[in-house]
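Written below as structure tokens is the structure these notes are about.
The values are calculated or read from the model by the stated rules, or taken from the named source; none is laboratory data. Here the structure is a predicted model, which is why all the values come from computation and not from measurement. As a convention, Cβ positions derive from the backbone with ideal geometry for all residues, glycine included, and neighbour counts pool all protein chains shown.
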Amino acid sequence: MRKIYVSKIISDENMEKRANAFVKSDEISQIFTTNVDIYDADTHKLLAKFRKKVLKPKELQSFYDATYEFTSKMVTTNRGNTTGSKKRNLRNNPKVKSAILGYFDRWGAKEKMQFRKAGEPIPLEVRETRFSAAHPDKFQKTLPLIKSIDKLYQKMLSKFYKKQRQKANETNFKIPETSFTTITTNINFQTSIHKDSGDDEEGFGNLAVIEKGTYSGGETCLPQYGIGIDVRQGDLLFMDVHEWHGNLPMAPKSKDAIRMSIVSYLRTKVWERTRNKGKAFQKKHLDSIKAIKLKSQNRKKTQKNRR
């Protein structure tokens with residue numbers, strides 16, 4: 001396997017100033033398009049492992065069919081640290097097509113309002129995502145791809161995988177038979193320069209892409225090192241997501257051009273809040289959340305009928 005050693009071309013101090021800005025083409029001197037392992041030249045720390053065409057077309061298609069409609073309609077402003085915006089008011093942030101599958105560790109404003117209207121205290125902040133709760137059949141169709149990514153993770157980065165899988169094994173709030181609790185899907189989303197947060201710091205990030213139509217650009221970059229990786233259909237990139245990273249702009253060449261990115265990870269707080277709690281706890285917790293939401297909805301209907 002080809003090994004490349006790269007050095008930082010931008011200081012840590014200057015990279016802090018570049019946070020939330022978009023990667024510029026002239027900042028990237030080399031883009032990798034073939035199998036490669038990339039290391040920091042000074043510390044010899046692994047930065048990325050890139051493998052071409054290792055994911056099965058059938059599993060990619062099944063994942064896409066199950067998630068595309070939901071992700072395309074899930075327009076959110078709650079991706080502030082990756083959208084190029086520095087505004088504190090989330091409502092003023094750019095709107096992007098991005099969804100979360102599996103489990104998450106924060107309540108949204110709408111959910112907190114439901115709890116208040118139901119007269120209930122806010123439950124433990126661990127929840128099933130809207131997609132997984134509302135579309136269990138579709139969620140099941142995503143599992144073959146996620147499990148394949150998990151197996152490649154185990155094969156290619158066993159040291160990182162072992163630590164993350166041990167944590168995943170301690171919670172029932174996870175993607176079955178994997179080291180992941182959560183999946184993020186994005187459509188045609190150019191992320192600005194950022195470091196990931198909330199994921200397992202002992203683990204290693206990964207990225208898969210599903211393509212429709214034709215486009216150029218969209219490469220995933222480590223701008224501090226001046227490099228990018230052109231992740232395409234069927235490819236898998238393992239990357240240290242705690243290094244500064246972002247995307248070059250995507251240029252559609254056809255009207256139907258779609259680049260769906262898929263990131264699988266373990267949410268640290270999901271694990272911390274639910275570790276060593278049994279299936280009975282999981283069922284009781286999720287059932288109580290559903291009951292509170294139903295109570296809030298019924299109360300809303302009653303108030304509406306009285307008007």
- Message: Take the conditions over 24 Å from H194 (Cβ atoms) and either touching a His at 6+ places or on another chain (Cβ under 6 Å) or loosely packed, with under 13 Cβ neighbours inside 10 Å (or both) and apply them to K277. Does it pass?
- Response: no
- Task: Output the residues belonging to the stretch 254-274 that are more than 30 Å from S25 (Cα to Cα) and buried (at least 18 other Cβ atoms within 10 Å of the Cβ).
- Result: L266, R267, T268, V270, W271, T274
- Within the stretch 118-132, considering residues that are assigned to a loop (DSSP other than H, G, I, E, B) and under 19 Å from the mean Cα position of the chain (by Cα), the one surrounded by the fewest Cβ atoms within 10 Å (Cβ to Cβ): E125
- Pairs only if they're at least six apart or on different chains, beta carbon under 6 angstrom, first in the stretch 37-53 and without any contact (Cβ under 8 Å) to a residue 24 or more places away in the chain and more than 14 Å from A208 (Cβ to Cβ), second aliphatic (A, V, I, L, M) and assigned to a loop (DSSP other than H, G, I, E, B); list them, first residue then second. none
- Select, from S72, S98, the only residue that is in a strand (DSSP E or B) and at pLDDT below 95. S98
- Query: Does any residue in the stretch 198-211 that is among the small types (G, A, S) come within less than 7 Å, Cβ to Cβ, of a residue that is part of a loop (DSSP other than H, G, I, E, B) six or more places away or on a different chain, and which pairs are these?
  - Reply: G203/L266; G205/D196; G205/D240; G205/V241; A208/L55
- Applying the selection to the stretch 149-161, what residues are surrounded by fewer than 18 Cβ atoms within 10 Å (Cβ to Cβ) and either part of a loop (DSSP other than H, G, I, E, B) or of a type in the set (S, T, Y) (or both)? L157, S158
- Segments classed as strands (runs of 3 or more DSSP E), wholly inside the stretch 192-234, with at least 2 members that are crowded, with 17+ Cβ neighbours inside 10 Å and within 14 Å of the chain's Cα centre (by Cα): 205-212
- Within the stretch 237-253, the residues that are surrounded by fewer than 16 Cβ atoms within 10 Å (Cβ to Cβ) and in contact with a Cys (Cβ under 7 Å, 6 or more places away or on another chain) are none
- Query: Would you say L145 is at pLDDT 95 or above, closer than 15 Å to S264 by Cβ and under 16 Å from the mean Cα position of the chain (by Cα)?
  - Reply: yes
- Those residues of the stretch 38-71 which are surrounded by 13 or more Cβ atoms within 10 Å (Cβ to Cβ), hydroxyl-bearing (S, T, Y) and out of contact with any Ser or Thr (no Cβ under 8 Å at 6 or more places or on another chain) amount to Y39, Y64, Y68
- Query: Has the stretch 179-193 got at least one residue that is among the polar types (S, T, N, Q), in contact (Cβ under 8 Å) with a residue 12 or more places away in the chain and in contact with a Pro (Cβ under 6 Å, 6 or more places away or on another chain)?
  - Reply: yes
- Item | F115 vs. criteria in a helix (DSSP H, G or I), touching a helix residue (DSSP H, G or I) at 6+ places or on another chain (Cβ under 8 Å), farther than 18 Å from S296 by Cβ and touching a residue at least 60 places away in the same chain (Cβ under 8 Å) | no
- Query: What residue, of L294, L286, is exposed (fewer than 13 other Cβ atoms within 10 Å of the Cβ) and over 30 Å from E16 (Cβ atoms)?
  - Reply: L294
